[in-house]
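Working notes, structure below.
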């Protein structure tokens, strides 16, 4: 993994070969595990993008993280297979040529995201939140909540 531009890389264990495109900045904590078998995981930052990954984070195969503004992933987070985290839509809703504003994403300590979860720009997941497989997170999920659905909503 090659990191540029004043990055910080703790100790990481790579299983397979992830795709890393660091056009911005990456700060990676201790004891990161990134699995890229049978499908590579992707870690991407744009020119103004910052990706911060805490300690003891586990990233399963097929995960895609794209930071054009800022994505912060806290300590002890687990990302299931095929999770997608995007802080930008890349284009306007009604005009594919119109730019879309990026909004930071915060995934706090101890969050668990099931397989196929999509986290969209501006989302905040509180400490210990759990999101069920194939859910779409587009806003805040409170600390300790179990959420599911499209859009993901906490269970009562």
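How do 66-77, 13-24 rank on mean C-beta neighbours within 10 Å, highest first?
66-77, 13-24
Based on the mean of other beta carbon atoms within 10 Å per residue, what is the order of 29-35, 107-113, most packed first?
Those peptides, ordered most packed to least, come out 107-113, 29-35.
If you take the alpha carbon radius of gyration of the range 1-81 and divide it by 2.2 N^0.38 Å, what ratio comes out, to two decimals?
0.96
Quick one: of the DSSP bridges fully inside the chain, what percent are antiparallel, nearest 5?
5
For the chain, would you read off the P(r) tail past 23 Å as a percentage of all alpha carbon pairs?
31
We did not get these values from a lab; they are worked out from the coordinates using the rules stated. Every value quoted in this text rests on a predicted model; they were computed, and no experiment measured them. We place every Cβ from the backbone using ideal geometry, glycine too, and count neighbours over all the protein chains shown.
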